[in-house]
Amino acid sequence: MSELQLKPINEGHWQLVGEMTRNSLGNERLLNQLLQNVQTTLKLDLSEVSRVDTAGLAWLIHTLSELKKRDCRLELINKPDQLLNLMELGQVSNLFE
């Protein structure tokens, strides 16, 4: 198991590193950290995400929901194939367009 970490790239642009799984997404710390400084758009680079499960997808949907409450957008960059497959299976791809 690889703990999910956030690395800032620049304002509103972060890179997620590690696994987006039920074992690595156990608290709200990551989401709170992301939401603190968002003005209009949160960009998440997922190129360093090594594994994603349904909990990871659920976390992204929850993040999207929290951002919409603030009239902000979520932009996912470099989505891994595993995430794209989960989005397609769950029929939620349109949420992230």
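Restricting attention to segment 5-80, which trypsin sites (Lys or Arg not before Pro) occupy a DSSP loop and are surrounded by at most 14 other Cβ atoms within 10 Å?
Working: sites: 22, 29, 43, 51, 68, 69, 70, 73; in loops: 22, 70.
Of the trypsin sites (Lys or Arg not before Pro), the ones in loops of segment 5-80 whose Cβ has at most 14 other Cβ atoms within 10 Å are 22, 70.
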Handout entry: Under-5 Å amide H pairs with residue 4, H placed in peptide plane, nonlocal only
Key = 19
Problem - Simple label model, 7 Å out from Cα along Cβ direction - residue 89 to residue 13, nm - result: 3.2 nm
Problem - segment 1-89: GluC sites (Glu not before Pro) in DSSP coil with no more than 14 other Cβ atoms inside 10 Å - result: 3, 11, 28
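What is the extension gain from residue 5 to residue 69, computed as 0.36 nm multiplied by their sequence separation minus the C-alpha to C-alpha distance, in nm to one decimal?
Numbers: separation 64, 0.36 × 64 = 23.04 nm, distance 2.42 nm.
Fully extending the segment from residue 5 to residue 69 adds 20.6 nm.
Which value in Å is the Kirkwood Rh of segment 1-70 over different Cα pairs? Could the numbers behind the result be given before it?
On the way: mean 1/r = 0.0821 Å⁻¹.
Kirkwood hydrodynamic radius for segment 1-70: 12.2 Å.
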Fill in the blank from the handout: Excluding near-sequence neighbours (fewer than 8 apart on one chain), the chain holds lysine pairs with C-alpha atoms under 20 Å apart numbering 5
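Here, each number is a calculation from the coordinates, and none is a lab measurement. As the structure is a computational prediction, the values presented were derived from the model and not from experiment. Glycine also receives a Cβ, built like all others from the backbone with ideal geometry; neighbour counts cover every protein chain displayed.
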